[in-house]
Structure formats: structure tokens, C-alpha cells
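Participant: Below you will find the structure I want to go over with you.
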Amino acid sequence: MENKAVTEQDMRELVIKLGLPKVILDLFDEQVKDEQVAELIGYNYAKPYSILALNGNEQQTYQTARYIPFLELNGSEIFAYDKEKDGFVSYYLEGDMDNLQVKTWEGLFLNEVTEWIENEWEDEDVIFLGEQLNLPHIKEILKNYLEALEDHGLSTFEEKNAWINMTMKQMNMLKS
């Protein structure tokens, strides 16, 4: 028997129900009108086409009954809402679904923010996009990450992951 697939309508309704920032709905609907948002992330963030292309049985791999996807990054990473723990997760399409870390909204974007900084975005662009995404600590995160880069280098994945984990704990970005 075919399992029920999560649909585009299900995903869109979730974004609205959760009250996610308007920019998420704009990205999902491919209706980004803000030129700065379009330039910064308009091509890298979209509705999760990779999941929508699957039937219900195929979607089971990604546990879409529990983790409802709403955004796809660079065609490989999925942002989803965890219905059981009322939080957010991210996973790679080719990755493992076991032991996903459930985060707050801001925690979901923490790694992305560090990527923007490492990609040498202007501080003003990082802050602008953080504000568009309703990330209340964006200025503090930017300042702390730049200081960590300057002081410690964060030259390895392990060092960066340690900084991210420390920041998530300090700023209460993890869900139990």
C-alpha cells in the first residue's frame, strides 16, 4: 500500500501555520521581490523539489510524516519541521536520518550564518538577511564568530563544529 506523500500544499500550509518569516514563503513560492534577498540567497534556497519528486513510499526514507520539509538549500540539504519535538532539523539528502539534532529557528540557521561569514559576505548583508529571517541574535553571532575566527582560526571542521555546538548551548538553540 502506498504511503501518503507530503505535498507542496502541506509544506506551504506548514510555513504559514508556523508563522515563519515572510522571506521563507517568498523563497518557497519563488516570488522573492526584495532584490537584496534575491541576490544573496534567491538561487540557493527553494522549496524542497527533491522531496516533492518522490512518491509516498520513497519519502519514507526521509520520515516526512514526522519531519515536514519546507526548504531545500543548494539542492542537497533539507530544512524540516519536527512535529514530535516542535523544532527544526536539517539533513542532507544523501546523509543519515538517525540522531538528527532538533533546534530552534535560530539554531537551524546558525551553520548557514557561519557559511555566509566564511564566504566573505559584507557584515551588513549578514545582518540584513538575519533580520529578514527573524534571527534575533544575528549581530551577536556575527561578532562572536568573527572574533573566534580571528582569535582561534577555526581552521578545521572539528573546531568550527565545536564553536557551533558551544554557541547553540549558550544561546539555547537546541530543543530537548
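Participant: Can you name the number of the only condition in (1) assigned to a helix (DSSP H, G or I); (2) of a type outside the set (Ser, Thr, Tyr); (3) modelled with pLDDT under 95 that residue 51 fails?
Facilitator: With respect to (1) assigned to a helix (DSSP H, G or I); (2) of a type outside the set (Ser, Thr, Tyr); (3) modelled with pLDDT under 95, residue 51 is out only on (3).
Participant: Same structure again: Could you say which residue among 6, 23, 37 is surrounded by 15 or more Cβ atoms within 10 Å (Cβ to Cβ) and part of a loop (DSSP other than H, G, I, E, B)? Reasoning before the result, please.
Facilitator: Working: 23 fails: part of a loop (DSSP other than H, G, I, E, B); 37 fails: part of a loop (DSSP other than H, G, I, E, B).
None of the others qualify; the one that does is 6.
Participant: How many residues does the range 113-153 contain that are more than 25 Å from residue 45 (Cα to Cα) and touching a Phe, Trp or Tyr at 6+ places or on another chain (Cβ under 6 Å)?
Facilitator: Of the residues in that region, 1 qualify.
Participant: Given (1) on the phi < 0 side of the Ramachandran plot; (2) charged (D, E, K, R); (3) in the same structural domain as residue 36 (by TED's automatic domain parsing), identify the lone condition not met by residue 86.
Facilitator: Residue 86 satisfies every listed condition except (1).
Participant: Something else: Evaluate the range 110-129: report whether one residue or more is touching a residue at least 40 places away in the same chain (Cβ under 8 Å), under 20 Å from residue 167 (Cβ atoms), outside the structural domain of residue 16 (by TED's automatic domain parsing) and touching a strand residue (DSSP E or B) at 6+ places or on another chain (Cβ under 9 Å).
Facilitator: For the range 110-129, residues touching a residue at least 40 places away in the same chain (Cβ under 8 Å), under 20 Å from residue 167 (Cβ atoms), outside the structural domain of residue 16 (by TED's automatic domain parsing) and touching a strand residue (DSSP E or B) at 6+ places or on another chain (Cβ under 9 Å): present.
The values are calculated or read from the model by the stated rules, or taken from the named source; none is laboratory data. Computed from a predicted structure; not experimentally measured. Glycine also receives a Cβ, built like all others from the backbone with ideal geometry; neighbour counts cover every protein chain displayed.
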